[in-house]
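Asks: Please find one structure pasted underneath; my questions will follow.
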Amino acid sequence: EYIRFRPGADCSVVNKRIDAMIEKYRPAEDKKTFGYTAFVQPIRDTYRDYEDVRRMTGIMSILGFAILFIATLNYVLISISSLAHRAKAVGVHKCSGAGGGTVFGMFLLETGIIIFCALLLMAVLLLNFRDFVEDTTAAKLSMLFAPERIWVPVSVVAVLFVVGGMLPGRLFAGIPVSQVFHRYTESKKGWKRPLLSIQFAGVAFICGLMCVVMMQYRYVLD
């Protein structure tokens, strides 16, 4: 059954008295044969305890984390791979009086502009494919971005900004002024291999998961 409470009502008060009320008003003949226990629980907690919901939450969390992690790592690798080409420009900025903090701020600003453009593109896609998104997520966009839930996308964007902006920014801020006068060469390339291996593993994981989903989908259809 469903019971509607007033806003701010405490369910625990009802749970303390509900068994006594049922015991009082149950027919005497039922008490000889059947036991009966009742309690009140929020719909949200009941829904979260469903096995299918827990499984889907775990799958979507892993998939979402992997996609965001690979996208962030992609941006970091693209930024760092341009180190040899942008080193002289950073040196020119430092010759003009810019310090390490200024260069670091420049790359943070660059990352912020790119993320802002990505958010605009996301908003356009969400508005144009609104029906498809709402049907897939089984929730309206107004609910997904409600004020009490807005902290989730804001937190994700903040993490992406910190990771995607701070790592390249620290590397570029450490470039010496002398790079203006001679060609910049990267002496250590060992750090690229762990990053690339993590990225390849993440892409392989997502591709494998998508193949499994497609095989299951075809199996169900056929």
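The values are calculated or read from the model by the stated rules, or taken from the named source; none is laboratory data. Bear in mind the structure is a predicted one, so any value in this text is a computation, not a measurement. Quick reminder, even Gly has a Cβ in these numbers, built from the backbone with ideal geometry, and neighbours come from all protein chains shown.
Asks: Could you check segment 1-54 for helices (runs of 4 or more DSSP H) lying wholly inside it with 1 or more residues that are among the hydroxyl-bearing types (Ser, Thr, Tyr)?
Replies: Hits in segment 1-54: 11-25, 43-48.
Asks: Just give me the residues in segment 96-114 being in contact with a helix residue (DSSP H, G or I) (Cβ under 6 Å, 6 or more places away or on another chain) and either without any contact (Cβ under 8 Å) to a residue 40 or more places away in the chain or not hydroxyl-bearing (Ser, Thr, Tyr) (or both), in sequence order.
Replies: Result: Gly100, Val103, Phe104, Phe107, Leu108.
Asks: Next up: For segment 72-124, which positions are within 13 Å of Pro168 (Cβ to Cβ) and among the aromatic types (Phe, Trp, Tyr)?
Replies: Tyr75, Phe104, Phe107
Asks: Considering only residues that are of a type in the set (A, V, I, L, M, F, W, C) and either at pLDDT 85 or above or surrounded by fewer than 10 Cβ atoms within 10 Å (Cβ to Cβ) (or both), which ones fall in segment 181-199?
Replies: Residue satisfying the conditions is Phe181 alone.
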